[in-house]
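Structure record follows, encoded as C-alpha cells.
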Amino acid sequence: MATNRKNFELMGGHIEWHDSIGSTNDRACEIVREEGSRAHGWIVGTEEQTEGRGRKGAHWISEPGKGLTFSLVLSPPWGREHWGWLSLAAALAVCEGGLLPCGLAPLIKWPNDVLVEGRKICGILIETSGDCAVIGIGLNVNERGFPPGLEAVSMFQLLGVETGREYLMGAIRDKLMDFLHLEEPLIAERAWDLLAWKDKEVETASGERGRIRGFGENAELKVESPGRLITLSDPEGIRLVPPVG
Ligand code: BTN
C-alpha cells in the first residue's frame, strides 16, 4: 500500500517524509543539531533507506515501500539516568499503539525487539543527539516474505491484509509521547506483561544462565542465576536456552 501523504496532515505534527534516504536516524540527529529540543515530536520517515542501521553495528534492510521506517525525536522530561526506560517505552508503544489494535499478539524481547510468534517484527535503535533522543523504528508491515535464514515476520504475513503505514506511525508516535508522562513503575508493569521469555531459561552474552525476574532502576534486566542476581544493561543481549530433549 503506497503511503498516502495526505494522511500526514490528519496526523498533525511535523513529519518529514523521503522517497529515499541513507538513515532516518542520521537525518533526525541532523535536525536536532539544527533545532535542538524544538524538534520534540518531529518525525523523519522514508519509503526506502539505503544505509539503515541496526543495534550493535548491524545493517537494517527493509523492502522499499513495504516496511515502516521512521525516526521520532523526543526531548524526554526525565533525567538522563532514566533514559534507559525509553527502550521499553518504545517497544511498548509499537505493541500497544500498532500491533495489539490490529489483533496481533506481540511480545517484547528485552531491551526492545518486538516478536510475534517467535519471529522479529520490529527493531528499534535509540540514539542520543544533544538534549534529545532519536527513536528509530523499523516495523515489518506489508512485506510478503523475507530472505531465507532471517527469523522475521511481517504484519501482512500474519493478517493476510495490508495495513496503512501512516496510521501505524501516528498511533505509535502518540503512544510513545503519552508514555513520557507515565511513572516508570507503570511502564515497567505494562512492559512486564508483554515481556518474552519470562519463565524460560536465558543465557547472557557472557554465557551465564538464569531466569528473568524483573527490571532494574533504569530498565536493566534482572536475571537470577543460581546464587546471584545478574543485572544486564543494553547493549548486552540474551538468548533463549533451548529446552533439553
Ligand atoms: C535493530 O533491530 O537492530 C534495530 C533496527 C532499527 C532500524 C530502524 S529503521 C529506522 C531507523 N533508521 C535507522 O537507520 N535505523 C532505525
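Using only the alpha carbons of the stretch 122-245, determine the length spanned along each of the three principal axes and report them from longest to shortest in whole angstroms.
49, 43, 27
In nanometres, what is the gap between the two model label sites at Leu180 and Arg33, each 7 Å from Cα along Cα-to-Cβ?
Label-label distance for Leu180 and Arg33, simple model: 2.2 nm.
State to the nearest 20 debye the size of the charge dipole of the stretch 33-131 about its Cα centre, where the only charges are +1 on K and R beta carbons and -1 on D and E beta carbons. Let's see the in-between values first.
Working: 10 positive and 12 negative charges, 58 e Å.
Charge dipole of the stretch 33-131: 280 debye, to the nearest 20.
Given springs between every Cα pair under 10 Å in a Gaussian network model of the chain, which of Val161, Val94, Val114 has the largest fluctuation?
Val161
Multiply the residue separation of Asn4 and Arg239 by 0.36 nm, subtract the distance between their alpha-carbon atoms, and state the gained length in nm to one decimal.
Working it through step by step, the gained length comes to 80.7 nm.
Set the Förster distance to 25 Å, then compute FRET efficiency between Lys56 and Arg209 from the Cβ-Cβ distance, nearest 0.05.
Values: r = 21 Å, r/R0 = 0.85.
With a Förster radius of 25 Å, E is 0.75.
Residues of the stretch 40-71 with amide nitrogen under 19 Å from the 7 Å Cα-to-Cβ point of Glu162?
46-49, 62-70
Which value in Å does the Kirkwood hydrodynamic radius of the chain take, with 1/r averaged over all unlike C-alpha pairs and then inverted?
For the chain, the Kirkwood estimate is 18.4 Å.
Please name whichever of Thr204, Thr69, His181 sits farthest to the positive end of the charge dipole of the chain, dipole taken about the Cα centre and charges placed at Cβ: Lys and Arg +1, Asp and Glu -1.
It is Thr204.
Sorting Phe70, Phe215 on the 10 Å Cβ count, fewest up front, what's the list?
Phe215, Phe70
Efficiency by 1/(1 + (r/R0)^6): what FRET value for His14 and Trp78, r their Cβ-Cβ distance, R0 = 30 Å, to the nearest 0.05? Working shown, then result.
Working: r = 22 Å, r/R0 = 0.73.
For His14 and Trp78, the calculated efficiency is 0.85.
Explain nothing, just the number: dipole magnitude of the chain about its Cα centre with +1 on each Lys and Arg Cβ and -1 on each Asp and Glu Cβ, in debye rounded to the nearest 20.
Dipole about the Cα centre, nearest 20: 500 debye.
On a 27 Å Cα-Cα criterion, which of the cross-link pairs Lys120/Lys198; Lys6/Lys109; Lys56/Lys222; Lys6/Lys120; Lys120/Lys175 come out too long?
Distance filter (> 27 Å) returns Lys6/Lys109; Lys6/Lys120.
Of Pro185, Pro148, Pro226, which is the most mobile in a GNM of the chain whose springs link Cα atoms less than 10 angstrom apart?
Of Pro185, Pro148, Pro226, the most mobile in the Gaussian network model is Pro148.
How much FRET efficiency would the formula 1/(1 + (r/R0)^6) give for Leu229 and Asp193, where r is the Cβ-Cβ distance and R0 is 22 Å, rounded to 0.05?
On the way: r = 22 Å, r/R0 = 0.98.
That gives a FRET efficiency of 0.55.
Every number in this text was worked out from the coordinates using simple rules, so none of it is lab data. Quick caveat, the model's predicted, so the values are computed rather than measured. Heads up, the Cβs are rebuilt from the backbone with ideal geometry, glycines too, and the neighbour counts pull from every protein chain shown.
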